[in-house]
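Novice: Sharing a structure, written as structure tokens. Questions coming.
A short reminder: the numbers here are calculations on the coordinates, not readings from a lab. All of these numbers come straight from a predicted model, not from anything done at the bench. In this analysis, Cβ positions are derived from the backbone assuming ideal geometry, glycine residues included, and neighbour counts consider all displayed protein chains.
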């Protein structure tokens with residue numbers, strides 16, 4: 001077989017195996033408005049598909065397997081459940097942080113601008129800044145609820161890498177992450193108004209294996225984000241620094 005005839009099948013195989021959209025956006029990182037105009041148009045307001053009408057409402061809900069915990073994390077969760085703790089973060093109006101903030105039943109807004117992608121959550125009025133200017137994570141990041149996020153485009157997929165999460169941003173209620181928690185999200189438009197997000201969470205001290213989840217968000221051009229002030233209608237009192245329920249119960253007639 002000649003070298004020319006042998007190269008043909010290899011090239012064909014490489015083209016077939018290439019990620020969808022990779023050839024359309026080669027190396028484009030959205031550094032300018034002109035670059036952004038050539039990328040997938042992620043800018044918009046979205047709502048989780050399970051809460052949406054129309055196209056998203058006609059799809060089956062996304063069901064994710066629960067996290068597989070290490071024995072130490074399982075013991076922590078069992079102790080938490082045995083004491084029947086309430087969700088004190090919510091009672092104290094603390095935001096859930098990553099990854100929980102991305103699962104709230106409230107809309108989110110994504111803004112793609114040169115050098116940054118901004119994700120605004122209606123819930124708790126949280127803002128995530130994804131740096132797209134090629135920087136690395138700081139060696140010693142400040143620990144925050146949403147962490148330090150950097151991103152890049154791989155073809156038609158926005159990849160967001162997050163570290164530096166505060167202890168209060170629990171992995172799930174009753175399970176505290178370690179300082180080594182690492183979250184990678186992959187955002188891709190599967191349809192013009194349907195955003196698919198695949199998330200992989202690694203934390204060897206807490207997770208027995210990486211926890212992978214999938215989510216769908218339907219775009220709603222007619223939406224706008226509402227103001228969310230948790231304390232405005234908070235019905236939880238504070239005693240000795242702890243939240244306690246303070247509900248007015250109506251007597252039976």
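Novice: If we sort 67-78, 110-121 on the protection proxy, mean other Cβ atoms within 10 Å, highest first, what's the order? Write down the numbers at each step before the final one.
Specialist: Numbers: 67-78: 15.0, 110-121: 16.9.
With the highest mean Cβ count within 10 Å placed first, the list reads 110-121, 67-78.
Novice: Sort 220-231, 192-203 by the packing proxy (mean of other Cβ within 10 Å over each peptide's residues), most packed first. Walk me through the numbers before you get to the answer.
Specialist: Details: 220-231: 10.9, 192-203: 17.7.
Top of the packing list down: 192-203, 220-231.
Novice: Name the shape class, rounded, prolate or oblate, that the alpha-carbon gyration tensor gives for segment 33-230, where a ≥ b ≥ c are the square roots of its eigenvalues, rounded holds for a/c under 1.5, and otherwise prolate holds if a/b is larger than b/c and oblate otherwise.
Specialist: Values: a/c = 1.66, a/b = 1.37, b/c = 1.21.
The shape class here is prolate.
Novice: Hey, another quick one. In which sequence would 83, 209 go, from the one with the fewest C-beta neighbours within 10 Å to the one with the most?
Specialist: Numbers: 83 8, 209 11.
In order of increasing Cβ crowding within 10 Å: 83, 209.
Novice: Identify the residues of segment 175-208 with backbone N under 14 Å of a label point that sits 7 angstrom from the Cα of residue 83 along the Cα-to-Cβ direction, or state none.
Specialist: It comes to 175-176, nothing else.
Novice: Additional query: Taking only C-alpha pairs under 8 Å that are 6+ residues apart, what is the relative contact order of segment 33-230 in percent? Provide the component values of the computation, followed by the final result.
Specialist: Working: 396 pairs, mean separation 49.8, N = 198.
After rounding, I find 25 percent.
Novice: Then there's this: From the Cα gyration tensor of segment 98-163, with a ≥ b ≥ c the square roots of its eigenvalues, which class applies: rounded if a/c is under 1.5, or else prolate if a/b is larger than b/c, or else oblate?
Specialist: Numbers: a/c = 1.95, a/b = 1.22, b/c = 1.60.
It is oblate, given that a/c is not under 1.5 and a/b is not larger than b/c.
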